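Participant: First, the structure itself, so that you have it in front of you.
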Amino acid sequence: MKKLILLLLLSSPAFAFKVLVFSKTAGFRHSSIPVGIEALKKMGKEKGFEPSFSEDASLFTKDNLKNYKVIIFLNTTGDILNSEQQEAFESYIQAGGGFVGIHAATDTEYDWPWYGGLVGGYFVSHPNNPNVKPAQFHVLIKNHWATKHMPDTFEYVDEFYNFKNLSQKTTPVLSIDEKSYTGGKNPDFHPMSWFHEYDGGRAFYTALGHTDESYTNPLFLQHVWAGIQYAARIFQP
């Protein structure tokens, strides 16, 4: 019996925590949101966290957000929280909460400077002709928790963002080579994924995640899982 209990403990997920996946849109709506939801459901079962999925902004209260270790903005767009809900989210982060932004999370809440600092920058334009195309990526920190599963340089197909108001306080871990495609508008330095400590909490962002295919790609999914673990304080950076 003792051996059976030990085996059950060893086979159980190492970390059990709750995650709120928020995908409300007040602008462009990505068709990949349902695919992303299914991918995060599967990830939760495999990795040992419990995801809840909603587009109901009324969940953003101080009492309710305390239930979650991490809040994920999955391709959110536009103005999605009112002033009271914004205040609750700020309090959540200030109390040590975690945030993960995927792709269009930077196309969200342009008139809320605190959020701009949290997510680390804002979307400004697409490369166009077409938006979805292959490009070359470079890992900026080797043997890092966010990128150790990635080759030092690799090609990836997605919709790429140009950014404005990029924070100088984040740690970029992945960049895109603007010489490998047309339409880039951040020629001096074009980060595509970063993390940082912010106002008492932790935030991780990846600009990847536009296409349906991203949510079956192990390279992208492991990157997101690493960000979730960082935001949840499972390990130190």
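The values are calculated or read from the model by the stated rules, or taken from the named source; none is laboratory data. If you're wondering where the values come from, they're calculated on a predicted model, not measured in any experiment. Reconstructed Cβ throughout: ideal geometry from the backbone, glycine too, with neighbour counts over all protein chains shown.
Participant: Could you look through segment 171-211, keep only residues that are among the acidic types (Asp, Glu) and outside any strand (DSSP E or B), and pick out the one that is modelled with the lowest pLDDT?
Facilitator: From segment 171-211, those among the acidic types (Asp, Glu) are 177-178, 188, 197, 199; that's our starting set.
Right, trim to outside any strand (DSSP E or B) and you get 178, 188, 199.
Working: Glu178: 97, Asp188: 92, Asp199: 98.
Here the answer is Asp188.
Participant: What tally of residues in segment 109-132 results from selecting those that are under 23 Å from Pro187 (Cβ atoms) and assigned to a helix (DSSP H, G or I)?
Facilitator: Total meeting the criteria: 2.
Participant: I'd like to check something: does segment 31-43 contain any residue that is assigned to a loop (DSSP other than H, G, I, E, B) and at pLDDT 95 or above?
Facilitator: To start, the set of residues in segment 31-43 that are assigned to a loop (DSSP other than H, G, I, E, B) comprises 31-32.
Adding the requirement that they be at pLDDT 95 or above leaves 31-32.
So far as segment 31-43 goes, yes, one or more of its residues are assigned to a loop (DSSP other than H, G, I, E, B) and at pLDDT 95 or above.
Participant: Please count how many residues of segment 215-237 are under 13 Å from the mean Cα position of the chain (by Cα) and among the polar types (S, T, N, Q). Give the steps one after another, and end with the answer.
Facilitator: At the first step, the residues of segment 215-237 found to be under 13 Å from the mean Cα position of the chain (by Cα) are 215, 220-232.
Okay, now just the ones that are also among the polar types (S, T, N, Q), so 222, 229.
Total satisfying the criteria: 2.
Participant: Does segment 153-170 contain any residue that is over 19 Å from the mean Cα position of the chain (by Cα), in contact (Cβ under 8 Å) with a residue 60 or more places away in the chain and not in a strand (DSSP E or B)?
Facilitator: At the first step, the residues of segment 153-170 found to be over 19 Å from the mean Cα position of the chain (by Cα) are 153-155.
Right, trim to in contact (Cβ under 8 Å) with a residue 60 or more places away in the chain and you get 154.
Now restrict to residues that are not in a strand (DSSP E or B): none.
No, there is no match, as no residue in segment 153-170 is over 19 Å from the mean Cα position of the chain (by Cα), in contact (Cβ under 8 Å) with a residue 60 or more places away in the chain and not in a strand (DSSP E or B).
Participant: Hey, among the residues in segment 133-152 that are in contact with a helix residue (DSSP H, G or I) (Cβ under 6 Å, 6 or more places away or on another chain) and assigned to a strand (DSSP E or B), which one's surrounded by the fewest Cβ atoms within 10 Å (Cβ to Cβ)?
Facilitator: Within segment 133-152, the match that is surrounded by the fewest Cβ atoms within 10 Å (Cβ to Cβ) is Gln136.
Participant: For segment 68-96, name all the residues that are assigned to a loop (DSSP other than H, G, I, E, B), within 19 Å of the chain's Cα centre (by Cα) and over 17 Å from Ala26 (Cβ atoms). Please lay out each step first, then the result.
Facilitator: First, the residues of segment 68-96 that are assigned to a loop (DSSP other than H, G, I, E, B): 68-69, 75-76, 79-82, 95-96.
Filter once more, keeping what is within 19 Å of the chain's Cα centre (by Cα): 68-69, 75-76, 79-81, 96.
Listed by number, the residues that qualify are Tyr68, Lys69, Gly96.
Participant: Would you check if there is a residue in segment 52-66 being under 15 Å from the mean Cα position of the chain (by Cα), in a loop (DSSP other than H, G, I, E, B), modelled with pLDDT of 95 or more and surrounded by 12 or more Cβ atoms within 10 Å (Cβ to Cβ)?
Facilitator: Taking every residue of segment 52-66 in turn, none turns out to be under 15 Å from the mean Cα position of the chain (by Cα), in a loop (DSSP other than H, G, I, E, B), modelled with pLDDT of 95 or more and surrounded by 12 or more Cβ atoms within 10 Å (Cβ to Cβ).
Participant: Sticking with this structure for a sec: For the condition of a type in the set (A, V, I, L, M, F, W, C), under 30 Å from Ala16 (Cβ atoms) and at pLDDT below 95, what is the one hit in Ile228, Ile234?
Facilitator: Working: Ile228 fails: at pLDDT below 95.
None of the others qualify; the one that does is Ile234.
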